[in-house]
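Heads up, the thing below is written out as structure tokens.
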Amino acid sequence: MSFADLWHELEPLGRDPVTGGYRRYSWTQADAACRAWFINQAEKRGLAVEPDGNGNLWAWWGPPGADAIATGSHLDSVPDGGGFDGALGVVSALAAVDLLKDKNFSPERAVVLAAFTEEEGARFGVPCLGSRLLTGAVHPDQARALTDDAGVTLAEAMTAAGHDPALIGPDEELLSGIGAFVELHVEQGRALEPIGSALGVAQGIWPHGRWRLDFAGRADHAGTARFADRQDPMIVYARAVLAARHAAAENGALATFGKVIAEPGGSNAVCSLVRAWLDARAPDEARLEKTVTTVRSVSERASVAHGVTFSVRQESHTPVVHFDEALRQRVGGVLAAAGAAAPVLATGAGHDAGVLAARVPTAMLFVRNPTGVSHSPAEHAEMADCEAGVRALAAVLEDLAGG
Ligand code: GLV
Ligand code: MN
Ligand code: MN
């Protein structure tokens, strides 16, 4: 089956007909459709699919054992996400197996295709939750108690989807059987287009995190409450947004408020509560910390001035990642030998590969994104570049899995 055929099969699943963006949130119907699609495709290729206790799917080509070569990515999306983020790595993994089977390649080390769950943290707030749970970076009890915006816990959502949440937790046996992980991903940012390269190789990932900020004030009448009498959390929140932007720019970092909830949400009332999520990323921990500390202190001062109660809680943190140097060199060598030399790029985007890197030699391939736009329905990669990515991934798997 060609890459394009596989791609077009997955394409409609979980796509909103109005926005054209994807809403593939974990443990929903859209997610179930994507998972069923992956399982079906893997089984069609004779791969044995074994979900782990955290809901990640693993499709084995060859018996699980020591030193398997893992590849894949995630199938979930951000709200109105693009079609390529995550899905490209999963589809490319299947298509790479097809290329290798077509040339009668038989792996000496098992090849295993992975589809991770809740990579975006779009439903339960913690990004790369599937891989973090697998490696023990998040406690199972803490994960089971995570809630979505409707108050549904992860444990409840998993149960409703037919997965036993009691199975959540680290899986040393699975991890110790993986010798290397290579994740192919659409480029997020625009480094490859200006240099005319279809592919890139990852150097590392910036440290990053998410913080939830709660600003509690007092609801009041928009037409009668004098400014001096208001306790308006929206004003303090607005200060925090601008502080984040300025502090990040000063520190060479990035900071974003992309999600905000104002309660109760009347257009003719001062709201009683603003709940907002800060996403901050920086080239190093010091600059990340400086940025977030500034947002906190501006929020604290403005809260006092406006009679608002402020609290902040870190929901996730990912330390800096440097991908395995030897594996990167090897992947680079395979690509160069295949005539697809790829520059080395750092990124501010998080990936399951970054989490697994703490336990397993890990590398990433990026496929050119001509506009650089991502986490948006406008995210794009040309079919020819995706096919180049599949050929590159197949060459890397062939090299690593021997045969
Ligand atoms: C994942 O895409 C992230 O970096 O937020
Ligand atoms: Mn993403
Ligand atoms: Mn992704």
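Laid out as a table, the results:
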read-out	value
Residue in region 41-50 that is in contact (Cβ under 8 Å) with a residue 24 or more places away in the chain, open to solvent by less than 10 Å² (accessible area, probe 1.4 Å) and within 16 Å of ligand 3 (Cβ to nearest atom) present	no
Matching entry among 19, 71 (being within 28 Å of residue 402 (Cβ to Cβ), of a type in the set (Val, Ile, Thr) and either surrounded by 21 or more Cβ atoms within 10 Å (Cβ to Cβ) or over 17 Å from the mean Cα position of the chain (by Cα) (or both))	71
Members of region 99-109 that are touching a helix residue (DSSP H, G or I) at 6+ places or on another chain (Cβ under 8 Å) and open to solvent by 10 Å² or more (accessible area, probe 1.4 Å)	99, 105, 107, 108, 109
Some residue of region 175-186 being modelled with pLDDT of 95 or more, within 16 Å of ligand 2 (Cβ to nearest atom), small (Gly, Ala, Ser) and under 25 Å from residue 96 (Cα atoms)	no
Contacts under 6 angstrom Cβ, first residue in region 377-403 being under 18 Å from residue 343 (Cβ atoms), partner open to solvent by less than 60 Å² (accessible area, probe 1.4 Å) and hydroxyl-bearing (Ser, Thr, Tyr), 6 or more apart	389/92; 393/92
Residues that are over 30 Å from residue 366 (Cα atoms) and under 22 Å from the mean Cα position of the chain (by Cα), drawn from region 288-336	313
Residues that are touching a residue at least 12 places away in the same chain (Cβ under 8 Å), open to solvent by 20 Å² or more (accessible area, probe 1.4 Å) and out of contact with any Lys or Arg (no Cβ under 7 Å at 6 or more places or on another chain), drawn from region 141-152	144, 146, 147, 149
Single residue of 303, 374, 311, 297 found to be within 16 Å of ligand 1 (Cβ to nearest atom) and of a type in the set (Ser, Thr, Tyr)	374
Residues (within 10 Å of ligand 2 (Cβ to nearest atom) and at positive phi) located in region 74-89	86
Yes/no for residue 41 being polar (S, T, N, Q), away from ligand 1 (no atom under 16 Å from the Cβ) and in contact with a Leu (Cβ under 8 Å, 6 or more places away or on another chain)	yes
Search result, residues across region 288-319 that are farther than 25 Å from residue 206 by Cα, surrounded by fewer than 20 Cβ atoms within 10 Å (Cβ to Cβ) and hydroxyl-bearing (Ser, Thr, Tyr)	309, 311
Any chance residue 287 is in contact with an Asp or Glu (Cβ under 6 Å, 6 or more places away or on another chain) and not hydroxyl-bearing (Ser, Thr, Tyr)	no
Lone qualifier among 58, 37 - being over 22 Å from residue 152 (Cα atoms), open to solvent by less than 10 Å² (accessible area, probe 1.4 Å) and more than 15 Å from ligand 2 (Cβ to nearest atom)	58
Filter result (hydrophobic (A, V, I, L, M, F, W, C) and surrounded by fewer than 24 Cβ atoms within 10 Å (Cβ to Cβ)) within region 358-374	358, 360, 373
Scan of region 252-287 for residues that are in contact (Cβ under 8 Å) with a residue 60 or more places away in the chain, open to solvent by less than 30 Å² (accessible area, probe 1.4 Å) and under 22 Å from the mean Cα position of the chain (by Cα), ordered by number	276, 278, 280, 282
Residue within region 84-94 that is touching a Leu at 6+ places or on another chain (Cβ under 8 Å), of a type in the set (D, E, K, R) and modelled with pLDDT of 95 or more present	no
Number of positions in region 270-290 that are among the basic types (Lys, Arg) and part of a helix (DSSP H, G or I)	2
Options 226, 239, 245: the member that is more than 30 Å from residue 281 (Cβ to Cβ) and either basic (Lys, Arg) or modelled with pLDDT under 95 (or both)	226
Matching option when the condition is touching a residue at least 24 places away in the same chain (Cβ under 8 Å) and not charged (D, E, K, R), among 177, 196, 162	177
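Matching residues to (1) under 26 Å from residue 45 (Cβ atoms); (2) more than 15 Å from ligand 1 (Cβ to nearest atom):
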position: 87; (1), (2): yes, no
position: 101; (1), (2): yes, yes
position: 109; (1), (2): yes, yes
position: 119; (1), (2): yes, no
position: 139; (1), (2): no, yes
position: 146; (1), (2): no, yes
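The values are calculated or read from the model by the stated rules, or taken from the named source; none is laboratory data. It should be emphasised that the depicted structure is a prediction, and the values quoted were computed from it without experimental measurement. Quick reminder, even Gly has a Cβ in these numbers, built from the backbone with ideal geometry, and neighbours come from all protein chains shown. Note: areas computed on protein heavy atoms with side chains; ligands, DNA, RNA excluded. Shrake-Rupley method; radii C 1.70, N 1.55, O 1.52, S 1.80 Å.
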